[in-house]
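First comes the structure, then the notes that go with it.
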Amino acid sequence: MTESLGALHQELAGVVLVGRELPEVLTEIVQISHRAIPGAEATSITLIRDERAFTAAYDGQIAMDADELQYERGYGPCLDAGRSGEVFLVEDMRHEDRWPDYARQVAGLGVYSSLSIPLPFQGATIGALNNYARRPGAFGAADVAIGEEVAAFVAIAVGNAEAAARATDDVANMRQAMASRAVIEQAKGILMERYKVTSEQAFTLLTHASQRSNVKLRDIAEELTATGVLRGS
């Protein structure tokens with residue numbers, strides 16, 4: 001594990017950030033990440049801007065296909081990792097009940113497991129690093145550790161590029177991301193206390209409410225914190 005991280009650090013340290021367009025940098029990073037996580041058959045980077053998600057770079061078509069299924073629905077592990085700041089590991093899509101519609105559709109494409117890791121930036125999350133595999137149980141704790149190292153580097157690359165290109169817009173976007181994260185964390189805390197559940201279980205309650213009502217996750221969280229009512233419960 002230590003050797004793997006050492007090799008990863010060496011590869012990431014060789015990525016040139018200055019004087020390059022962000023898509024070019026992210027494509028190189030996503031290729032490094034794909035190679036570093038043995039179980040990954042495809043890898044992508046999702047960025048969230050003004051609550052709009054898009055794939056900024058990918059290596060392997062099934063990653064793009066799986067990302068697009070989530071964007072169409074407005075939920076899924078890559079989006080929820082980017083919004084909540086939590087790691088989402090799906091061991092077998094055939095038995096996944098957090099996003100049942102998405103899981104059924106993506107399994108139909110031959111994707112049976114995934115690992116989505118949030119991209120941290122100045123106390124907020126700006127997206128997710130996503131890994132997909134055609135077999136169940138492809139990812140474990142070691143992959144999470146490697147993914148978190150890559151995710152931190154991705155966030156630095158994005159931050160540097162954005163600081164140079166759109167400093168003013170970035171500040172607004174980051175503030176909005178932090179505000180969304182704060183209200184979601186507050187809503188999770190309410191549900192954890194009310195139902196005596198874990199942080200992940202509380203987030204699942206929020207996402208299910210969002211899916212059932214077709215209302216954005218942040219709006220569900222704001223309504224809960226303002227009224228004490230979880231829509232659809």
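Taking 0.692 mPa s as the viscosity and 37 °C as the temperature, the Stokes-Einstein diffusion coefficient of region 57-138 based on its alpha-carbon Kirkwood radius rounds to 264 µm²/s. Here is what passes the span test in the chain: the DSSP H helices with alpha carbon length of 20 Å or more along the helix axis and a Kyte-Doolittle mean of -0.5 or above are 22-36, 141-165, 167-195. Sorting the segments 217-224, 99-106, 80-87 by their residues' average number of neighbouring beta-carbon atoms within 10 angstrom, most packed first, yields 80-87, 217-224, 99-106. Accessible surface calculations at 1.4 Å, restricted to protein heavy atoms, place the chain at 45 Å² per residue.
Here the chain is treated as a sphere whose radius is the Kirkwood value from Cα pairs; by Stokes-Einstein at 4 °C and 1.567 mPa s it diffuses with a coefficient of 72 µm²/s. Apolar share of the accessible surface for the chain: 51 percent from carbon plus sulfur atoms, 1.4 Å probe.
In percent, rounded to a whole number, the relative contact order of the chain is 17, using alpha-carbon pairs under 8 Å and six or more apart. Only Cα pairs within less than 10 Å get springs; with that Gaussian network setup on the chain, which residue of HIS34, HIS95, HIS208 has the largest fluctuation? Highest fluctuation of the listed residues: HIS95. Among VAL144, VAL158, VAL18, the residue with the largest mean-square fluctuation in a Gaussian network model of the chain, with springs joining Cα atoms closer than 10 Å, is VAL18. Between VAL90, VAL150, VAL15, which gets the highest mean-square fluctuation from a Gaussian network model of the chain, Cα cutoff 10 Å? Result for the chain, Cα springs under 10 Å: VAL15 fluctuates most. Legend: calculated FRET efficiency, LYS196 to LEU109, from the Cβ-Cβ distance at R0 = 35 Å, rounded to 0.05, equals 0.40. Legend: calculated FRET efficiency, ARG94 to GLU21, from the Cβ-Cβ distance at R0 = 25 Å, rounded to 0.05, equals 0.05.
Would you calculate, for the chain, the mean residue ellipticity at 222 nm contributed by helices, counting each DSSP H stretch of 4 or more residues as -39,500 (n - 2.57) and dividing by all residues, to the nearest 500? Calculated mean residue ellipticity at 222 nm is -19500 deg cm²/dmol.
The values are calculated or read from the model by the stated rules, or taken from the named source; none is laboratory data. Please read all numbers here as calculations on a predicted model, not as lab measurements. As a convention, Cβ positions derive from the backbone with ideal geometry for all residues, glycine included, and neighbour counts pool all protein chains shown. Side chains are part of the model used for accessible areas, which takes the heavy atoms of the whole protein and leaves out ligands, DNA and RNA. Shrake-Rupley method; radii C 1.70, N 1.55, O 1.52, S 1.80 Å.
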